[in-house]
């Protein structure tokens, strides 16, 4: 990796396609992507992720606002591929070119020596298939070739659009470890996805957008701790115990179909202590698992309000 | 310089250029054979029997490689539209986010490829004309005239390739761009020439004929062609105008 760690910045980015009213793809979007971390850029299909990434890379001109790579617009970088590696879609290949041929074209355009082509092919596990035409590649192989292209310049920043698409579970696990190791080297990694669960184990930070607008932005931990955790309580004496819990000001209780109590506003420890004090027998006492995917769906569904 | 090297590598890493070169050579050979064997026996022409005795006609046989220019136009169109068709334009502009040097590199690379096509096709038409005319009674192939044809083919084919790139960057749909270019070359241009005489000299085809010394078509002398110099300047003018429009639109375009 050449140079220091580099942050990405999106500042009040707005992009309207077409004339007049047009299509508002991104609307007043601002966020920062920090070095040494993997940031997930999440949102449903058509929420403006790709447009934002293409603005960051100087391929699309913003209607207003700006995007910066280490404080400068991408178009002003003198050796862009040595700073930012991007894998935008698995389709940017000429089917008649071999993987080696494709990489050698990109290498030539950035003055990167040909020996690096062999290196990146080995890095992504395509060393054997490098001499074959890309037209015969599977989607997973194209994803790996995209990644290889992004890595050619040994960049400090990696921007990957839906890199897990078309990868098998083994490939996804490989990608996860690979991205984690890149971030551990101090690189900035921005990964987009329309499924949170796909990147949940990979990312440190999340930027969630819906219809081109920011919905949530921060660390993954903050996203999960922001949720109201509920405690599930089962007891033969449920009805009486529900009344006792109800006496607590912060707590609220509901009963589900199975007769279990769903308590929010009290921790499992507090409820356990209360049961002990009141001599109530408990059959179950547990905190509900954080279901991040449910939060994500709620945040990004068309009815869901902005958080 | 990197952008230029990348453009050459793009052409060399697919088989398109070789196929088009093969087709263009075959087409040139066909043109020479027709002009040597078929046109002089045509019943349509009054003086067909004497054609091979006319120096300008014999020079036009050597210059008939001009017709292969359509393949150079095609390689320019496919080279440019292919970037959009396969979305390799993304990688191109990621590596060189300042777009005007990319377009200039493309123009230079394709001009060079066009020139190479021109030289090879000229060698084929000159060689084949020499071989097939031997043993026939014919006016001599004049070296100085052939030399002008060689200069013309280099300039003309280089410019046709640039025109192809320009057409391709204006009409990004590969099929549409090819159809429009071929319809222009094989339908619109001949029709205009046939019905509005004075346009012949000012169309790209007429300018190419002028610069290549190709003065006979269908066994008849073409009237009103510009001088070689004027034809060359006109071709350069076409390339500059079309190239300027193309690069202005390409520079602004969002790559989505």
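The values are calculated or read from the model by the stated rules, or taken from the named source; none is laboratory data. From a predicted model like this one, the values you see are computed outputs, not experimental measurements. No Cβ is skipped: glycine too gets one built from the backbone with ideal geometry, and neighbour counts run over all protein chains shown.
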Consider the stretch A:103-116. How many of its residues are more than 9 Å from chain B (Cβ to nearest Cβ), in contact with a helix residue (DSSP H, G or I) (Cβ under 9 Å, 6 or more places away or on another chain) and surrounded by fewer than 21 Cβ atoms within 10 Å (Cβ to Cβ)?
3
Please go through the stretch B:113-136 and give me each residue that is in contact with a helix residue (DSSP H, G or I) (Cβ under 7 Å, 6 or more places away or on another chain) and surrounded by fewer than 16 Cβ atoms within 10 Å (Cβ to Cβ), ordered by number.
B:119, B:136
In the stretch A:62-74, which residue that is within 17 Å of residue B:255 (Cα to Cα) and buried (at least 19 other Cβ atoms within 10 Å of the Cβ) is farthest from the other protein chains (Cβ to nearest Cβ)?
A:67
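Looking at B:201, B:176, B:161, B:228, which is the one that is free of Cβ contacts under 8 Å to residues at least 60 places away in the same chain and buried (at least 18 other Cβ atoms within 10 Å of the Cβ)? Explain how you work it out, then say what you get.
On the way: B:176 fails: buried (at least 18 other Cβ atoms within 10 Å of the Cβ); B:161 fails: free of Cβ contacts under 8 Å to residues at least 60 places away in the same chain; B:228 fails: free of Cβ contacts under 8 Å to residues at least 60 places away in the same chain.
Matching residue, one of B:201, B:176, B:161, B:228: B:201.
Out of B:251, B:150, B:233, I need the residue that is assigned to a helix (DSSP H, G or I) and within 14 Å of chain A (Cβ to nearest Cβ). Which one?
Numbers: B:150 fails: within 14 Å of chain A (Cβ to nearest Cβ); B:233 fails: within 14 Å of chain A (Cβ to nearest Cβ).
Just a single option satisfies the conditions, and that option is B:251.
Do we find that residue A:39 is surrounded by fewer than 23 Cβ atoms within 10 Å (Cβ to Cβ), modelled with pLDDT of 95 or more and either at the interface with chain B (Cβ under 7 Å from one of its Cβ atoms) or touching a strand residue (DSSP E or B) at 6+ places or on another chain (Cβ under 6 Å) (or both) in this structure?
Numbers: surrounded by fewer than 23 Cβ atoms within 10 Å (Cβ to Cβ): no; modelled with pLDDT of 95 or more: yes; either at the interface with chain B (Cβ under 7 Å from one of its Cβ atoms) or touching a strand residue (DSSP E or B) at 6+ places or on another chain (Cβ under 6 Å) (or both): yes.
Judged against the criteria, residue A:39 is not a match.
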Within the stretch B:56-73, does at least one residue satisfy the condition of being within 23 Å of residue B:206 (Cα to Cα), out of contact with any strand residue (DSSP E or B) (no Cβ under 9 Å at 6 or more places or on another chain), modelled with pLDDT under 95 and surrounded by fewer than 19 Cβ atoms within 10 Å (Cβ to Cβ)?
no
Considering each residue of the stretch A:181-213, count those that are buried (at least 22 other Cβ atoms within 10 Å of the Cβ) and on the phi > 0 side of the Ramachandran plot, and give that number.
1
If the requirement is being at pLDDT below 95, part of a helix (DSSP H, G or I) and in contact with a helix residue (DSSP H, G or I) (Cβ under 6 Å, 6 or more places away or on another chain), which of these qualifies: B:97, B:101?
B:101
Out of all the residues in the stretch A:75-102, which are closer than 22 Å to residue B:18 by Cβ and more than 10 Å from chain B (Cβ to nearest Cβ)?
A:99
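Residue-by-condition table, conditions (1) within 14 Å of chain A (Cβ to nearest Cβ); (2) over 30 Å from residue A:79 (Cα atoms); (3) without any contact (Cβ under 8 Å) to a residue 24 or more places away in the chain:
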| residue | (1), (2), (3) |
| --- | --- |
| B:43 | no, yes, yes |
| B:67 | no, yes, no |
| B:70 | no, yes, no |
| B:86 | yes, no, yes |
| B:95 | yes, no, no |
| B:106 | yes, no, no |
| B:118 | no, yes, no |
| B:125 | no, yes, no |
Please state which of the following conditions residue A:53 fails to meet, knowing it meets all the rest: (1) crowded, with 17+ Cβ neighbours inside 10 Å; (2) within 9 Å of chain B (Cβ to nearest Cβ).
(2)
Residue A:77 fails exactly one of (1) within 15 Å of residue A:155 (Cβ to Cβ); (2) out of contact with any strand residue (DSSP E or B) (no Cβ under 7 Å at 6 or more places or on another chain), namely (2)
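With respect to residue A:31, determine if the residue is within 20 Å of residue A:161 (Cα to Cα), more than 7 Å from chain B (Cβ to nearest Cβ) and surrounded by fewer than 23 Cβ atoms within 10 Å (Cβ to Cβ). First the steps, then the outcome.
Details: within 20 Å of residue A:161 (Cα to Cα): yes; more than 7 Å from chain B (Cβ to nearest Cβ): yes; surrounded by fewer than 23 Cβ atoms within 10 Å (Cβ to Cβ): yes.
When the stated conditions are applied, residue A:31 passes them.
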Does residue B:256 fit the bill of being within 14 Å of chain A (Cβ to nearest Cβ), in contact (Cβ under 8 Å) with a residue 24 or more places away in the chain, touching a helix residue (DSSP H, G or I) at 6+ places or on another chain (Cβ under 8 Å) and surrounded by fewer than 20 Cβ atoms within 10 Å (Cβ to Cβ)?
no
Mind checking whether some residue in the stretch A:142-153 is surrounded by fewer than 20 Cβ atoms within 10 Å (Cβ to Cβ) and in contact with a strand residue (DSSP E or B) (Cβ under 8 Å, 6 or more places away or on another chain)?
no
From the set of residues in the stretch A:249-275 that are under 10 Å from residue A:230 (Cβ atoms) and part of a loop (DSSP other than H, G, I, E, B), which is modelled with the lowest pLDDT?
A:265
Filter result (more than 14 Å from chain A (Cβ to nearest Cβ) and surrounded by 17 or more Cβ atoms within 10 Å (Cβ to Cβ)) within the stretch B:1-33
B:21, B:24, B:25, B:27, B:28, B:29, B:31, B:32
